[in-house]
Amino acid sequence: MLEILLIIFYALLAFGVLDYYRKSASIALSRKLFSAFYLLKLAMAFGLIALYTYYYTDRATSDIYKFFDDSLVIHQIASTDFAVYLKLLFGFSLNTEEHRLILETQHWDASAIWGGTGNRMMTRVHLLIHWFSFSNIWVHSIVFNALSVLGFLWIYRALSPYFNQPLLILPAFLMPSVLFWSSGMLKEALLIFFTGMLFNALHLYAQKKYKWAVLFSVISFLAIFFLKIYLLMALFPLILVCLLKKAPLFNRANTLLNLVFGLTASILILHAVSLVIFEKSLIDLLMLRYNEFLELALAENAGSLLSTQVAKPEKFWEWFFNAFKHTWLMPWPWQEGGLLIKMAGFEHLLFYLMALSSLFFLLRMQFKIYNAFPFLAFFIYSVLLFQLIGLTVPVLGAIVRYKMPALLFSVLFFAFIWDNFRNYQQRNFGKK
């Protein structure tokens, strides 16, 4: 009974704090809509626990349990050796004797070329929550969900000025993958939070609050880097193109040309960064990540493994086009697979219906849309992210989940087109 009261208390507390922020920040979203959105995401968060408890029953490999369980081990160290606990929390190295205290953790010492830092970041967030959650997993889920909701509020506020009908932003938030995977104790919830923080930084910059804008930008970039570095890799073109838009040389150039140039330049920059930091070419780095994921999938007998073939430089084009097929052309509702794959198939179909409707509206408007620059950048970001995920992940179930940010930004691009078409119709109706 006390456990249920604790869950209700924190669910209401989170709602109250977020609703107060919604009103104080003058976010143009009614309380009814916000309440419905919060409750829907909370239901998804609890559903995620049910999914990983009763459907995916291997707790050792379950994505919501593995970081929570590691954090339980480390949290118990606080009562016996608080100095070691602080070292673990803030990232200081341990000596051999101290390291024995964390031998029971399963994922703290992940050795992947990228991803290990994200595992530790997730565990550290859980460590902070333990101090007020009484180690109740449902409370942890409420906190992760609240952070995700706050991220969505920041995105909504930053993008609203670009829309005559800001409510058209909501379909992007309500895409099944976006709604479900961002709601619980997964990296995706934190990614939405820190992506929203970046949008909040842009909002603060527009208000000339430069110090806060810089602070939030640095925090969000660092967090995304540690959580999932490939998201930051995909973000490079968007940043570079935004900088080029301000450059005198490109001010009169075609926006689409700027985006293509920015994409090409960013890939070259990423290649240079890869050589300097990892001492590998960008292609070798992505192949190494793909092969690491493949090795793990084979060891865990992943049910939706797409290929057992190792990525090799001499088979570059086969690897590249398979990546395109796996992310852009899969899954479909009629494809074999479990419940989540079937649901993702229907979402994939919905995505292409949205894309076709957007293309139709663009043709009707003769591709004349206003203030399109940031949304074209969103689309380029999504395209690059789709391909990066395909190049590094050989498991369909993981692809469905990992491409959640790409779906979000793609549908935001579609929503912007819908909003422009609505205005186009109103202007033409007024002329008649």
Straight-line reach from LYS315: which aspartates and glutamates have Cα under 15 Å away, leaving out those fewer than 8 places along the same chain?
ASP284
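In the chain, which helices (entire DSSP H runs) extend 24 Å or more along their own long axis, judged by Cα positions, while averaging at least 1.0 on the Kyte-Doolittle scale? Please list the in-between numbers first.
Working: long enough: 2-24 (33 Å, 1.27); 31-50 (28 Å, 1.31); 116-133 (26 Å, 0.01); 137-159 (33 Å, 1.49); 187-206 (29 Å, 1.14); 210-227 (25 Å, 1.99); 229-246 (26 Å, 2.12); 255-277 (32 Å, 2.13); 282-299 (26 Å, 1.09); 339-364 (38 Å, 1.50); 373-392 (29 Å, 1.98); 404-431 (41 Å, 0.12).
For the chain, where a helix must reach 24 Å along its axis and average at least 1.0, the hits are 2-24, 31-50, 137-159, 187-206, 210-227, 229-246, 255-277, 282-299, 339-364, 373-392.
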LEU12 versus LEU94, label points 7 Å from Cα toward the beta carbon: distance in nm?
4.0 nm
Within the P(r) computed for the range 1-152, what percentage of the Cα pairs occupies the region above 23 Å?
45 percent
5 Å binning of all Cα-Cα separations within the range 19-98, expressed as whole percents from 0 upward
3, 12, 14, 12, 10, 11, 14, 14, 7, 3, 1, 0
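Of LYS228/LYS342; LYS187/LYS403; LYS41/LYS187; LYS66/LYS228, which pairs sit farther than 22 Å apart, going by alpha carbon to alpha carbon?
From the list (LYS228/LYS342; LYS187/LYS403; LYS41/LYS187; LYS66/LYS228), the Cα-Cα distance tops 22 Å for LYS228/LYS342.
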Stokes-Einstein at 20 °C, 1.002 mPa s, Kirkwood radius from Cα pairs: D for the chain in µm² s⁻¹?
93 µm²/s
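What Kirkwood hydrodynamic radius, in Å, does the range 282-379 give when the mean of 1/r is taken over all pairs of distinct Cα atoms and then inverted? All intermediate terms of the calculation are to be shown ahead of the outcome.
Details: mean 1/r = 0.0607 Å⁻¹.
After inverting the pairwise mean of 1/r, the radius is 16.5 Å.
Given a 1.4 Å probe and every protein chain left where it sits, what share in percent of the accessible area of the chain is carbon and sulfur? Provide the component values of the computation, followed by the final result.
Values: 14450 of 21550 Å².
Here it works out to 67 percent.
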Percentage relative contact order, the range 154-239, counting C-alpha pairs under 8 Å, at least six apart
24 percent
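Say R0 is 35 Å: what FRET efficiency, to the nearest 0.05, do LYS211 and ILE277 get from their beta-carbon distance?
Efficiency, from the Cβ-Cβ distance: 0.75.
Counting only heavy atoms of protein chains, what accessible area per residue, in Å², does the chain have with a probe of 1.4 Å?
Details: 21550 Å² over 432 residues.
On a per-residue basis, the chain sits at 50 Å².
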Given the C-alpha centroids of the range 281-323 and the range 161-183, what is the distance between them in whole angstrom?
32 Å
Rank these residues by their accessible area, most exposed first, probe 1.4 Å: THR327, THR53, THR308.
THR308, THR53, THR327
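The values are calculated or read from the model by the stated rules, or taken from the named source; none is laboratory data. As the structure is a computational prediction, the values presented were derived from the model and not from experiment. Reconstructed Cβ throughout: ideal geometry from the backbone, glycine too, with neighbour counts over all protein chains shown. Note: accessible area is taken over every heavy atom of the protein model, side chains too, but ligands, DNA and RNA are not part of it. Shrake-Rupley method; radii C 1.70, N 1.55, O 1.52, S 1.80 Å.
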